[in-house]
Amino acid sequence: MSIKISHRAKAIKPSPTLTVSSLAKKMQADGIDVINFGVGEPDFNTPDYIKKAAKKAIDDNFTKYTASAGILELREAISLKFKKDNNLNYQPEDIFVSPGAKASVINILMAVCDPRDEVLIPCPYWVSYTSQVEMVDAIPVLLPTNMSSNFKINAKQLEDAILSLSNPKALILNSPNNPTGAVYNKKDLEKIAEVCVKHNILIISDEIYEKIIYDNEQHISIASISNEVCEITVVINGVSKAYAMTGWRLGYSAGPTEIIQRASRIQSHTTSCVNSMTQKAVVTALSEDDGSIEIMRKTFEKRRNFLVKELNKINNVKCSLPKGAFYAFPNISYYLHNNKNIKNSVELCQYLLNDYQVAIVPGSAFGTDNYVRFSYANSMENIKEGVKRFADGLKNL
Ligand SMILES: Cc1ncc(COP(=O)(O)O)c(C=O)c1O
């Protein structure tokens, strides 16, 4: 082919979580009994009360383009949600909805980043952050965390990094965290926020796992720390995870009016708007409650307790108890350093998939090789069998 591919496209790697998951699905389609811990989506159906609202929207012929930022009724429902859940006062004009939180993040990055701006990202990180930062020609700067720091950055680490950079622009904070399950408490957030205010760093706070949280932990939005912090924060959220709505595609952002308006204008030239039926369904999702969100949360909690207990029974595997989201992130470094055949987490996951038919995601997908990620958005039966296969695979290395 004589057409040159852009530097942007060349720099983007495929999403490793989707790659594992589609390989596992292909093996399943070929009749192989694979236990798939790769997918980051609830295994539950979207609750009926939400589906009903979408069907009604279709029957009412609510099927046309909407305002790019989203219908007013939805932005009002989101504004009420922020007040009720997070004690945040966002007006509808400070909110815009996108086709998934993934799209919300890149729209915001496009609105604020110039080429060579630096965006700080705690590591391990959700796979798309670094690629999205690169797509807007900005530079991802990783802030390492590990099990002994409870997978959280601290204020000093953040400030030292900011002081070492030429164009520090933003911090992407994700709590509850994918892949580690870390949840930042109010004290952590106050200290981080203080540094960001001092150095005028935009906080992009991805709170998509807000409602999937355990052990009576409380989700605090960093934007609620003070008005000063709110003025430098964009909150990202969405319905994919808590409401089991991954395929509907709706995420939202709230923040300083100018950033939101600019990001919304960018969206008006790309995807236009979220599909109209989903918007109506999400008005209902956020305004009503049939108890199913709590049932899903409790089910995830039981699975987490079981999976983490079983993982910690395996020789030389250490797994901390995640406080939120639906992932376990065990340390498997012993098996990388004490083995001739397996050199990194990718090779370990390939071996486990090929020889033990269990699909998990290599830690390197999240920026750290000493771990692997299990999604426990999976039946208890599968978790039991899958963790057994994982243990056998490690034992027989
Ligand atoms: C931390 C985090 N943010 C955002 C998303 C994207 O969610 P959505 O389906 O709303 O695009 C995901 C999905 O895996 C995620 O884990």
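Each value in this text was obtained by applying a stated rule to the coordinates, not by laboratory testing. These numbers were taken from a predicted model, which means no experiment stands behind them. Note that each Cβ is placed from the backbone with ideal geometry, even for glycine, and that neighbours are counted across all protein chains shown.
Cα axis of helix 276-287 to longest principal axis of the chain: angle in degrees, 0 to 90, nearest 10? The answer is roughly 80 degrees. Beta-bridge orientation, the chain: approximately 45 percent antiparallel, per DSSP, counting only bridges with both partners inside. Ellipticity at 222 nm from helices only: DSSP H runs of n ≥ 4 in the chain, each -39500 (n - 2.57), divided by the residue count, give -13500 deg cm²/dmol. Only lysines eight or more places from Lys169 in sequence, or on another chain, were considered; those with a Cα closer than 19 Å are Lys156, Lys191, Lys198.
Can you give the FRET efficiency to the nearest 0.05 for Ser379 and Asn344, using r as the Cβ-Cβ distance and R₀ = 30 Å? Intermediate values should be presented prior to the final figure.
Details: r = 30 Å, r/R0 = 0.99.
Computed FRET efficiency for Ser379 and Asn344: 0.50.
The residue among Met147, Phe62, His199 whose Cα reaches farthest toward the positive pole of the charge dipole of the stretch 56-211, with charges on the beta-carbon of Lys, Arg, Asp and Glu, is Met147. Using a cut-off of 16 Å between alpha-carbon atoms, which lysines can reach Lys340, once sequence neighbours fewer than 8 places away in the same chain are excluded? Here the lysines satisfying the reach criterion relative to Lys340 are Lys395. With the Cα gyration tensor of the stretch 14-56 giving a ≥ b ≥ c as the square roots of its eigenvalues, does the rule (a/c under 1.5 for rounded; else a/b larger than b/c for prolate; else oblate) give rounded, prolate or oblate? Verdict is prolate for the stretch 14-56. For the stretch 5-82 versus the stretch 127-156, the spacing of their alpha-carbon centroids is 24 Å. Does the stretch 1-102 classify as rounded, prolate or oblate by the C-alpha gyration tensor (a ≥ b ≥ c root eigenvalues; a/c under 1.5 gives rounded; else a/b over b/c gives prolate, otherwise oblate)? Prolate, since a/c reaches 1.5 and a/b exceeds b/c.
Karplus-derived 3J(HN,Hα) values for the stretch 20-35, using 6.51 cos²θ - 1.76 cosθ + 1.60 with θ = phi - 60°, are 4, 4, 6, 5, 4, 5, 5, 5, 4, 5, 7, x, 8, 7, 9, 9 Hz; glycine and proline are entered as x.
Given axes a ≥ b ≥ c from the Cα gyration tensor, I'd like to know whether the stretch 48-287 is rounded (a/c under 1.5), prolate (a/b larger than b/c) or oblate. Each step should come with its number before you reach the end.
Working: a/c = 1.92, a/b = 1.53, b/c = 1.25.
It is prolate, given that a/c is not under 1.5 and a/b is the larger ratio.
With 5 Å bins beginning at zero, the pair-distance distribution over Cα atoms of the stretch 41-93 amounts to 4, 16, 15, 19, 21, 19, 5, 0 %.
When the chain is treated as a GNM with alpha-carbon contacts under 10 Å, the residue of Phe62, Phe151, Phe300 showing the greatest mean-square fluctuation is Phe62.
When only the Cβ of Lys, Arg, Asp and Glu is charged (+1, +1, -1, -1), the dipole of the stretch 48-287 relative to its Cα centre reaches about 700 debye.
Could you line up Cys349, Cys123, Cys196 from fewest to most neighbouring Cβ atoms inside 10 Å?
Values: Cys349 28, Cys123 20, Cys196 25.
With the sparsest Cβ surroundings first, the list reads Cys123, Cys196, Cys349.
Against the chain, whose longest principal axis is taken from its Cα atoms, helix 345-356 shows a tilt of about 60°. Taking all Cα pairs closer than 8 Å and separated by 6 or more residues, the relative contact order of the chain comes to 23 percent.
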